[in-house]
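S.K.: Got a structure for you, questions after.
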Amino acid sequence: MSHYVNSHIRAQVPDIAPFDALTELNACRRKLLQQRLIGLDANGVGFGNLSVRDGVSGNFYITGSATGGLPELTPTDCVRVVAYDFARNWLRYEGVAIPSSESLTHAAIYESDPTISAVIHCHDSVLWRTRLDRVPTTSKAIAYGTPEMAYAIMRLFTVSDVRSRDIFVMAGHEGGIVTLGNNLEDALDVVRREQRESSPCI
């Protein structure tokens, strides 16, 4: 059964079934947690989210809201997004978790490039500062998790080299880095590459 979510609706729905990419998702999350690229902030609020495309469809699985600090996820910590509308700011999803506030961001990426199958949204303040406006970057005036962010991301796919760089920075979301790939390990490799390139030579 599917339900809609926006700023006014939160629905309890049946669990989603275990999905093939959950093992890969947890393996990637462990590495991100070790590097503090996802986790809990000083106020104990989880940050960071990951998603994987559901086969060749436009649907995708995404980690639930505030799950960034959990050491391991189960299907109940994720949702399957099956429809969305940027203009109306809503999602239709399956699962009991609350979808990540960045779900429309992930949807915009998958809609913009059908070859992308995985997305990581992590936080690295050092990498964010060194890559700001040096890689594709959304406007500082645009807040994360909004329809405006979704539209800005789709625009990046038409006016920048985000397809070849597999990374963009959210100027209005301090520390916010998004990487893309054919799978989560590819998206994680982009983070590692950018960290190496941004490190000062010793």
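S.K.: When only residues in the stretch 138-149 that are touching a strand residue (DSSP E or B) at 6+ places or on another chain (Cβ under 7 Å) and either open to solvent by 30 Å² or more (accessible area, probe 1.4 Å) or aliphatic (A, V, I, L, M) (or both) count, which is farthest from Glu111 (Cα to Cα)?
M.R.: Taking the stretch 138-149 first, the residues touching a strand residue (DSSP E or B) at 6+ places or on another chain (Cβ under 7 Å) are 138, 144, 149.
Still in the running and either open to solvent by 30 Å² or more (accessible area, probe 1.4 Å) or aliphatic (A, V, I, L, M) (or both): 144, 149.
Details: Tyr144: 18, Met149: 14 Å.
For the stretch 138-149, the residue satisfying everything is Tyr144.
S.K.: Among the residues of the stretch 114-126 satisfying the criterion of being of a type outside the set (Gly, Ala, Ser) and surrounded by 14 or more Cβ atoms within 10 Å (Cβ to Cβ), which is nearest to Asn182 (Cα to Cα)? Break it down stepwise before answering.
M.R.: As a first pass, look at the stretch 114-126 and keep what is of a type outside the set (Gly, Ala, Ser): 114-116, 119-124, 126.
Still in the running and surrounded by 14 or more Cβ atoms within 10 Å (Cβ to Cβ): 116, 119-124.
Values: Ile116: 5, Val119: 9, Ile120: 12, His121: 15, Cys122: 17, His123: 21, Asp124: 22 Å.
That would be Ile116.
Each row is one residue, and each column tells you yes or no for (1) of a type in the set (Gly, Ala, Ser); (2) at pLDDT 95 or above; (3) part of a loop (DSSP other than H, G, I, E, B); (4) closer than 23 Å to Asp189 by Cα.
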position: Val119; (1), (2), (3), (4): no, yes, no, yes
position: Arg134; (1), (2), (3), (4): no, yes, yes, yes
position: Ile142; (1), (2), (3), (4): no, yes, yes, no
position: Gly145; (1), (2), (3), (4): yes, no, yes, no
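S.K.: Something else about it: I'm checking my understanding of the structure. Among residues of the stretch 131-185 that are farther than 29 Å from Glu24 by Cα and among the β-branched types (Val, Ile, Thr), which one is nearest to the chain's Cα centre (by Cα)?
M.R.: Filtering first and then ranking leaves Ile142.
S.K.: Here are some residues: Ser51, Ser101. Which one is assigned to a loop (DSSP other than H, G, I, E, B), within 17 Å of Gly176 (Cβ to Cβ) and modelled with pLDDT of 90 or more?
M.R.: Ser101
S.K.: Which count do you get for residues in the stretch 54-73 that are part of a loop (DSSP other than H, G, I, E, B), among the polar types (S, T, N, Q) and in contact (Cβ under 8 Å) with a residue 24 or more places away in the chain?
M.R.: Going residue by residue through the stretch 54-73, those that are part of a loop (DSSP other than H, G, I, E, B) are 54-59, 65-73.
Within this subset, residues satisfying the condition of being among the polar types (S, T, N, Q) are 57, 59, 65, 67.
After this cut, where a residue has to be in contact (Cβ under 8 Å) with a residue 24 or more places away in the chain as well, the list is 65, 67.
Counting residues in the stretch 54-73 that are part of a loop (DSSP other than H, G, I, E, B), among the polar types (S, T, N, Q) and in contact (Cβ under 8 Å) with a residue 24 or more places away in the chain gives 2.
S.K.: Still on this structure, I have one more. Given the residues Val56, Val45, Val13, which is the only one that is under 17 Å from the mean Cα position of the chain (by Cα), surrounded by fewer than 18 Cβ atoms within 10 Å (Cβ to Cβ) and at pLDDT below 95?
M.R.: Result of the check over Val56, Val45, Val13: Val45.
S.K.: Test of understanding: among Arg30, Arg36, which residue is modelled with pLDDT of 95 or more, of a type in the set (Lys, Arg) and not in a loop (DSSP other than H, G, I, E, B)?
M.R.: None of the other options fit; the residue is Arg30.
S.K.: Hey, does the stretch 89-110 have a residue that's open to solvent by 40 Å² or more (accessible area, probe 1.4 Å) and out of contact with any Ser or Thr (no Cβ under 8 Å at 6 or more places or on another chain)?
M.R.: No, the stretch 89-110 contains no residue that is open to solvent by 40 Å² or more (accessible area, probe 1.4 Å) and out of contact with any Ser or Thr (no Cβ under 8 Å at 6 or more places or on another chain).
S.K.: Separate question: Those residues that are more than 13 Å from the chain's Cα centre (by Cα), open to solvent by less than 40 Å² (accessible area, probe 1.4 Å) and closer than 13 Å to Pro18 by Cα, I need them from the stretch 59-78; list them, please.
M.R.: Passing the criteria: Leu73, Pro75, Asp77.
So that you can scan it fast, the table gives a plain yes or no per residue for (1) closer than 20 Å to Glu111 by Cα; (2) open to solvent by less than 60 Å² (accessible area, probe 1.4 Å); (3) modelled with pLDDT of 95 or more; (4) part of a helix (DSSP H, G or I):
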| residue | (1), (2), (3), (4) |
| --- | --- |
| Trp128 | no, yes, yes, yes |
| Tyr151 | yes, no, yes, yes |
| Phe157 | yes, yes, yes, yes |
| Ser164 | yes, no, yes, yes |
| Val169 | yes, yes, yes, no |
| Ala187 | yes, yes, yes, yes |
| Val190 | no, yes, yes, yes |
| Arg196 | no, no, no, yes |
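The values are calculated or read from the model by the stated rules, or taken from the named source; none is laboratory data. Just so it is clear, the structure is predicted and the values come from calculations on it, not from any experiment. Glycine gets a Cβ as well: all are built from the backbone with ideal geometry, and neighbour counts include every protein chain shown. Each accessible area value is taken on the protein alone, full model and side chains, heavy atoms only, with ligands, DNA and RNA left out. Shrake-Rupley method; radii C 1.70, N 1.55, O 1.52, S 1.80 Å.
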